[in-house]
Amino acid sequence: MNLEKLLDAIQVQRHDFLNHLQVISGLLQMNKVDRVMDYLNQVCVEIAQYSKTARVAIPELTAALIIAINDAAMYQIELVLNITSDLSESAVPGPVVGEVLELCLRSAFETMSAPEIVDRRIEVVLGESERKYTCRLLFPEPLLADLSRFETALIPAGELLSPYGGRLNLAVANNGIEIFFTLPRQGLNKIG
C-alpha cells in the first residue's frame, strides 16, 4: 500500500471539507438559503461515498478505496462504490487484497483517463457468496488498442491472488469491461 497516496487523499479530504464550510458560509452571508441546501445535498453525496469505505473489514482495502476516490477525482472519473459485504472472512491477506485492488484500479484509471474517453465511470462492486467474496470493476470499453496493454498490466494482480486460491479475470461484454476477482473465505476449500 502506498502510504503517501493515502496521506495525500486524507489531506485532500481535509482541504475539501474546509472549502465546503467556506462555500456554505459565503452562501449564508449572501442569504442564498436555497443554494445552501443544494450545495449541502451535493456535499452529502460526496461524503457518503467516503463513508462506504468504512463498511469493509480489511483496513488495506479501505485504504485502497480511499485512495481510489481521490485518484478518480484527479482523473475526472466518476467512481461508484457498491459495497454489500465487509469481506471479514477473506482467506487472502489484507495487504494482498489492497494491492490487487490498487493495481486493478490504477490500470482502469490510466485506461479511462485518455482524452477521447467520454463516459468516465467506474463502478466497484464488493459482494459475497457462501464460499467466496467477489470484487468487480465495471466500466465502459476503452479503445481496443489499449486492451492488450491493459491485460498485461493486470498480470501481477492475478499472480498476487493465485497462492491464496484467488482468481482474476478480465471480460469484455455489452460495450464494457469487467475486472472480476474472487477471494476464497477462510477455512473453505480454495476452489470455487
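The values are calculated or read from the model by the stated rules, or taken from the named source; none is laboratory data. Quick caveat: nothing in here was measured; it's all calculated off a predicted structure. Cβ placement follows ideal geometry from the backbone for every residue including glycine, while neighbour counts extend to all protein chains displayed. These area figures cover heavy atoms from the full protein model, side chains too; ligands, DNA and RNA do not enter into them. Shrake-Rupley method; radii C 1.70, N 1.55, O 1.52, S 1.80 Å.
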For this session: Starting from the residue with the highest accessible area, list Thr62, Thr53 in decreasing order, probe 1.4 Å.
Result: Thr62, Thr53
Problem set entry | Area of Glu99 that stays accessible when all protein chains are in place (1.4 Å probe, Å², to 10) | 80
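Just the number, please: carbon plus sulfur as a percent of the accessible area of the chain, 1.4 Å probe, no ligands or DNA/RNA counted.
Of all accessible area on the chain, carbon and sulfur atoms account for 54 percent.
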For this session: Output the relative contact order of segment 56-184, whole-number percent, from Cα pairs under 8 angstrom with separation of 6+ residues.
Result: 26
For this session: Pairs of lysines 8 or more apart, or on different chains, with alpha carbons under 30 Å: count those in the chain, would you?
Result: 5
Seminar exercise, completed: In Å², rounded to a whole number, the accessible area per residue of segment 36-192 with probe 1.4 Å is 49
For this session: Provide the descending list of Cα extents for segment 98-161 along its principal axes, expressed in whole angstroms.
Result: 41, 23, 18
Problem set entry | Area accessible to solvent at Leu6, 1.4 Å probe radius, in Å² | 30
Exercise. Rule-of-thumb check for the chain: C-alpha Rg over 2.2 N^0.38 Å?
Worked result: 1.13
For this session: For segment 6-119, calculate the relative contact order in percent as a whole number, restricting contacts to Cα pairs under 8 Å that are 6 or more residues apart.
Result: 27
Problem set entry | Point-charge dipole on Cβ atoms (K/R +1, D/E -1) for segment 56-184, about Cα centre, debye to 20 | 140
For this session: Working from Cα positions, state the angle (0 to 90°, nearest 10) between the long axis of helix 59-74 and the longest principal axis of the chain.
Result: 60
